[in-house]
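Before any comments, here is the structure.
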Amino acid sequence: MTSDRSNKIRKPPHLLPTKQRTILLVDDSEVDRVIYQRYLKKSREYDYHFIEAETGKAALEIYPNVLPDLVLLDYFLPDINGLEWIERWQQKYNKNPCPVIILTGQGNDNIAEQFIKLGAADYLIKDQITSDRLNFSVYKELIRQEEKQKFTQTIQCQNEQLLEVNRLLKDQMNCGENADCLLRNNEEKLHCAVFNAPIPVLVHAEDGEILHVNQTWTELSGYTIEDIPTTAEWTQKAYGNKQGTVKSWIDRLYELNQRVDEGEFKIRTADGQVRIWNFSSAPLGKLLDGRRLVISCAKDVTEIKQAKMALQESEIHFRKTFEQAAVGMAHVAPNGKWLLVNQKLCQIVGYSQEELREKTFQEMTHPDDVEPDLEYVRQILAGEITSYSMEKRYIRKDKSPVWVTLTVSLFKSKTGEPEYFICVIEDINERKNIELSQQQALKRLANLHQIDKAIIEAQKPQAIAKIAINNIQYFLPACQRASIVTFNSEHRAATILGTQGRAEQKTPKKLETTLDIWQDLINRLQESEQNYVVAYLSQLPKLSAAIPSLATSGLDCFICFSLKAQNKLLGIFKLWVEDVEVVTPEQLAIIEEISVQVAIAIQQANLIQADQNYALNLEKKVQERTAQIEEINKELKAFSYSISHDLKAPLRAIQGFAVALQEDYAENLDDLGQEYASRLVASAEQMEKLIQDLLAYSRLSRTEIHKKPVNLTSVVNKALEDLEIAMTDVQPEITIEKPLLNVLGNRTILQQIVNNLLSNALKFTSAKVKPQIHIWTEEYPENFVRLWIEDKGIGIEAQHQERIFEVFERLHGNEAYPGTGIGLAIVKKGVERLGGRLGVKSEVNRGSRFWVELPGVEG
Ligand code: ADP
């Protein structure tokens with residue numbers, strides 16, 4: 001069946017191209033025929049007129065009536081295949097009258113090669129045919145055909161000129177006496193024309209003799225007339241083993257009565273090269289001896305042919321590269337329509353090539369990425385940039401997003417008009433997903449860290465529970481309810497610290513329950529090898545009975561994490577979910593981590609609470625003690641007051657009356673009476689001294705002390721002055737290493753200290769010996785100054801050296817060495833109040849060295 005449907009697809013008149021061409025479209029698929037016509041109707045150069053044929057035979061039959069400019073031939077025809085079709089067509093219609101483009105279902109280098117050998121102009125793989133591709137191929141072949149025709153016309157023109165010359169020669173031969181001369185003359189002209197023609201020309205006679213070989217022929221083939229005197233010699237030299245075929249072809253030429261285009265032949269030149277010549281031959285009349293002549297002209301098309309082959313190869317190569325590229329490649333129209341897409345791009349986006357060509361890149365781009373992409377397109381069309389590269393998402397056919405790196409450059413026509421974008425699309429979905437999941441993991445980690453920090457910072461178990469529960473939704477969106485319960489095994493009690501989600505306990509107070517209702521869970525957690533168990537409320541009757549709000553909430557399944565610290569189960573973290581299968585191992589690991597932090601924080605909070613309780617108790621005790629001490633002090637003050645006032649008054653009375661007795665009634669008293677009276681006076685004096693010392697000691701404990709630098713030399717001098725009376729009796733030997741160092745202290749207290757030590761040094765010396773006293777100061781570490789007072793007295797036994805600093809501790813009776821036993825106690829109390837230390841080094845009968853260490857004066 002043949003038909004002409006070209007009238008059905010018309011372009012607007014102003015777009016109609018001027019050149020008209022007829023195309024014979026041989027294809028059994030009506031759909032394909034329609035598509036190719038649609039494609040070709042887009043041509044800007046030609047207005048195509050289509051003749052369709054469904055079978056090879058139909059095409060061969062209509063061929064002479066149509067005489068198309070080009071044949072588009074399907075390889076798989078129902079009756080014969082494309083190769084057979086071309087062979088029959090060439091046999092029937094004399095070589096290659098017009099270009100044939102083969103359309104094949106599948107690409108195959110072998111078939112491609114056979115077609116090229118047979119002289120097919122091009123072959124296209126049906127799957128890859130686009131409007132551009134088809135138009136380009138047809139356009140290219142038509143242009144080539146036109147050039148060939150122009151060339152043939154040139155040859156024909158030259159042949160006609162030669163024939164005219166020949167005709168004239170013949171005419172002249174037939175006329176009169178000068179015919180011979182004219183003939184010779186014309187023969188010379190013919191020879192000259194042939195010889196100088198710019199294309200190879202050969203004139204040969206039917207017996208095989210070669211009469212003329214022109215200069216171009218010799219230049220291109222390397223053979224002179226001497227090398228090839230006959231066509232047999234020529235075919236043998238130029239065609240090798242194909243000489244027979246060519247020779248018989250040449251022999252047929254003499255039968256022709258018009259020009260014939262023989263087509264292309266491969267010839268071997270004298271120097272061994274293979275060149276392709278396109279021959280045309282024409283009859284040149286007869287020689288005088290009756291032999292028919294033929295003139296054969298050729299065009300050397302070797303370079304053109306090679307260029308064509310190279311072009312075809314590079315096209316095949318390009319097509320393969322484009323098709324088999326490991327990245328997606330595409331041509332996209334300036335309006336966004338996909339023009340040409342490769343297989344890889346189809347794989348990336350999940351659309352077939354046909355489906356893609358119906359779409360624009362905008363409608364396939366993720367909504368968030370359309371704007372940035374269009375902005376780049378604007379810039380590239382405006383010439384602000386020459387190319388761009390961006391990461392973006394396409395939406396696959398199955399609606400899932402896919403990340404790609406898109407690199408785009410613009411192809412412009414010779415006039416600078418944008419033709420199409422060249423796009424390279426690399427699938428980076430996997431890398432991008434890894435990147436995104438890493439980012440999510442980092443974000444999760446940061447959140448986890450925040451929670452950890454908040455948990456650790458919270459000080460009360462309830463606050464800790466609240467933070468953990470509030471944040472758990474972020475890590476486990478499927479969580480319907482979360483709660484934290486702590487246990488107190490000692491009191492067999494449990495506390496619900498907090499809940500959130502369904503059946504949430506709104507009361508802010510802690511909810512106490514017995515431990516028994518949790519015991520099943522506790523047992524299961526302790527048996528489990530993991531830190532959690534999956535449990536169902538329906539299987540825990542005690543729990544659902546004890547907390548009715550839970551039982552009516554409709555919740556059943558929960559994951560129960562243990563809150564353990566130092567191997568002790570402090571409580572549980574319960575997370576209720578509809579389906580435990582939706583919880584991923586990663587989520588379980590995160591919640592486990594949070595549970596550990598919660599457990600540590602709760603334990604810490606408990607310890608802090610215990611510490612705080614302990615501190616509170618301690619403070620209470622201190623307050624009690626302080627109150628007691630204050631009470632004692634008060635009593636002591638009252639006691640001192642009573643001593644100073646109440647005791648001193650009767651004492652003064654005793655002293656006064658005893659002295660009155662001695663003075664006023666001395667003559668009335670016998671010796672014994674007088675002795676009693678003096679003992680009374682002495683006892684009263686002793687008691688007064690005792691009271692004074694006790695008051696001094698008591699004052700030392702109570703008075704507020706202000707410290708300032710004190711000159712020890714002046715203190716010692718004053719003490720010597722104070723003790724002058726004592727010294728007049730014994731005349732002691734006193735050495736002072738002056739100047740003594742200054743100390744930070746209180747003048748009054750220091751005076752009392754030095755007075756007491758010096759008086760002891762004088763006092764505790766054997767009556768027979770003259771007292772020897774040595775006084776000096778020394779610097780000690782940490783800016784302390786030590787004052788030494790050394791005597792050569794009776795000394796102190798080692799076992800008493802500590803207790804003599806206590807109140808009323810005396811080593812001797814009052815008769816041997818009078819005293820109150822308070823002097824050294826005052827010294828000790830005074831030194832302590834000044835922030836110093838004191839001590840003694842002593843040996844019996846060799847003397848004692850008392851030392852007092854006080855803060856020195858800085859600088
Ligand atoms: P008192 O001197 O009034 O007895 P103190 O408190 O001053 O009381 O001294 C206590 C006791 O320490 C003295 O009774 C004495 O036995 C002993 N004692 C103090 N100073 C010396 C000293 N320099 N040499 C020997 N014994 C001393």
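The values are calculated or read from the model by the stated rules, or taken from the named source; none is laboratory data. Quick caveat: nothing in here was measured; it's all calculated off a predicted structure. Here the Cβ positions follow ideal geometry from the backbone for every residue, glycine too, while neighbour counts run over all protein chains shown.
Take region 740-772 and flag every residue that is of a type in the set (Val, Ile, Thr) and either within 16 Å of the ligand (Cβ to nearest atom) or buried (at least 16 other Cβ atoms within 10 Å of the Cβ) (or both). Spell out the reasoning first.
Restricting attention to region 740-772, the residues satisfying the condition of being of a type in the set (Val, Ile, Thr) are 743, 748-749, 753-754, 765, 769.
Within region 740-772, 743, 749, 753, 754, 765, 769 qualify.
Would you mind stating whether residue 737 is exposed (fewer than 15 other Cβ atoms within 10 Å of the Cβ), more than 30 Å from residue 660 (Cβ to Cβ), in contact with a Ser or Thr (Cβ under 8 Å, 6 or more places away or on another chain) and not aromatic (Phe, Trp, Tyr)? Reasoning before the result, please.
Details: exposed (fewer than 15 other Cβ atoms within 10 Å of the Cβ): yes; more than 30 Å from residue 660 (Cβ to Cβ): yes; in contact with a Ser or Thr (Cβ under 8 Å, 6 or more places away or on another chain): yes; not aromatic (Phe, Trp, Tyr): yes.
Answer is yes for this residue.
State whether one or more residues within region 665-676 are free of Cβ contacts under 8 Å to residues at least 60 places away in the same chain, aliphatic (A, V, I, L, M) and touching a Lys or Arg at 6+ places or on another chain (Cβ under 9 Å).
Initially, region 665-676 is screened for residues free of Cβ contacts under 8 Å to residues at least 60 places away in the same chain, giving 665-676.
Now drop any that are not aliphatic (A, V, I, L, M), which leaves 666, 669, 672.
Next, only the ones that are touching a Lys or Arg at 6+ places or on another chain (Cβ under 9 Å) stay: none.
No, there is no match, as no residue in region 665-676 is free of Cβ contacts under 8 Å to residues at least 60 places away in the same chain, aliphatic (A, V, I, L, M) and touching a Lys or Arg at 6+ places or on another chain (Cβ under 9 Å).
Which of the numbered conditions does residue 119 fail, given that it passes all the others? Conditions: (1) surrounded by fewer than 16 Cβ atoms within 10 Å (Cβ to Cβ); (2) farther than 18 Å from residue 307 by Cα; (3) not polar (S, T, N, Q).
In the conditions (1) surrounded by fewer than 16 Cβ atoms within 10 Å (Cβ to Cβ); (2) farther than 18 Å from residue 307 by Cα; (3) not polar (S, T, N, Q), residue 119 misses (2) alone.
Taking into account only those residues within region 841-859 that are part of a strand (DSSP E or B) and of a type in the set (A, V, I, L, M, F, W, C), which is farthest from the ligand (Cβ to nearest atom)? Please lay out each step first, then the result.
Filtering region 841-859 down to residues part of a strand (DSSP E or B) leaves 841-843, 847-856.
In the following step, the residues that additionally are of a type in the set (A, V, I, L, M, F, W, C) were identified as 850-852, 854.
On the way: 850: 7, 851: 12, 852: 13, 854: 19 Å.
Among those residues, the one meeting the criterion is 854.
Would you check if residue 647 is in contact with a Gly (Cβ under 7 Å, 6 or more places away or on another chain) and of a type in the set (A, V, I, L, M, F, W, C)? Break it down stepwise before answering.
Working: in contact with a Gly (Cβ under 7 Å, 6 or more places away or on another chain): no; of a type in the set (A, V, I, L, M, F, W, C): yes.
The answer is no for residue 647.
So how many residues does region 693-732 have that are modelled with pLDDT of 90 or more, within 16 Å of the ligand (Cβ to nearest atom) and surrounded by fewer than 16 Cβ atoms within 10 Å (Cβ to Cβ)?
Final tally of qualifying residues: 0.
I'd like the full set of residues that are in contact with a Lys or Arg (Cβ under 8 Å, 6 or more places away or on another chain) and surrounded by fewer than 19 Cβ atoms within 10 Å (Cβ to Cβ), limited to region 481-495. Give the derivation first.
Filtering region 481-495 down to residues in contact with a Lys or Arg (Cβ under 8 Å, 6 or more places away or on another chain) leaves 481-485, 495.
Across region 481-495, the qualifying residue is only 495.
Return a yes/no flag: does region 774-791 have any residue that is within 13 Å of the ligand (Cβ to nearest atom) and under 26 Å from residue 687 (Cβ atoms).
Within region 774-791 (the criterion being within 13 Å of the ligand (Cβ to nearest atom) and under 26 Å from residue 687 (Cβ atoms)), the answer is no, since none of the residues qualifies.
So in region 493-512, with the set limited to residues that are touching a helix residue (DSSP H, G or I) at 6+ places or on another chain (Cβ under 6 Å) and at pLDDT below 90, which one is farthest from residue 577 (Cα to Cα)?
In this case the residue turns out to be 497.
Picking from 611, 556, 579, which residue would you name as being under 30 Å from residue 445 (Cβ atoms) and either buried (at least 19 other Cβ atoms within 10 Å of the Cβ) or of a type in the set (D, E, K, R) (or both)? Spell out the reasoning first.
Numbers: 611 fails: under 30 Å from residue 445 (Cβ atoms); 556 fails: under 30 Å from residue 445 (Cβ atoms).
Residue meeting the stated conditions: 579.
For residues that are near the ligand (Cβ under 8 Å from one of its atoms) and either in a loop (DSSP other than H, G, I, E, B) or surrounded by fewer than 16 Cβ atoms within 10 Å (Cβ to Cβ) (or both), scanning just region 815-828, find the one that is nearest to the chain's Cα centre (by Cα).
The extreme case among them is 822.
Here is a check on your reading of the model: is residue 376 buried (at least 18 other Cβ atoms within 10 Å of the Cβ) and not in a helix (DSSP H, G or I)? Break it down stepwise before answering.
Values: buried (at least 18 other Cβ atoms within 10 Å of the Cβ): yes; not in a helix (DSSP H, G or I): no.
It is false that residue 376 is buried (at least 18 other Cβ atoms within 10 Å of the Cβ) and not in a helix (DSSP H, G or I).
Is there a residue in region 829-840 that is assigned to a helix (DSSP H, G or I), more than 9 Å from the ligand (Cβ to nearest atom), within 30 Å of residue 741 (Cα to Cα) and in contact with a strand residue (DSSP E or B) (Cβ under 6 Å, 6 or more places away or on another chain)?
yes
Counting only residues that are in contact with a helix residue (DSSP H, G or I) (Cβ under 7 Å, 6 or more places away or on another chain), of a type in the set (S, T, N, Q) and within 17 Å of residue 504 (Cα to Cα), how many does region 452-476 have?
1
Out of all the residues in region 792-803, which are over 26 Å from residue 721 (Cα atoms) and within 10 Å of the ligand (Cβ to nearest atom)?
Taking region 792-803 as the starting set, the residues that turn out to be over 26 Å from residue 721 (Cα atoms) are 796-803.
Residues satisfying the conditions are 796, 797, 800, 801, 803.
Pairs, please: C-beta under 7 Å, at least 6 apart or cross-chain, first residue closer than 16 Å to residue 755 by Cα and free of Cβ contacts under 8 Å to residues at least 60 places away in the same chain and in region 821-850, second among the acidic types (Asp, Glu) and near the ligand (Cβ under 8 Å from one of its atoms)?
From residues that are closer than 16 Å to residue 755 by Cα and free of Cβ contacts under 8 Å to residues at least 60 places away in the same chain, the pairs are 821/809.
Mind checking which residues of region 105-158 are acidic (Asp, Glu) and within 19 Å of residue 36 (Cβ to Cβ)?
Residues of region 105-158 acidic (Asp, Glu): 109, 113, 122, 127, 132, 141, 146-147.
Those that are acidic (Asp, Glu) and within 19 Å of residue 36 (Cβ to Cβ): 122, 127, 132, 141.
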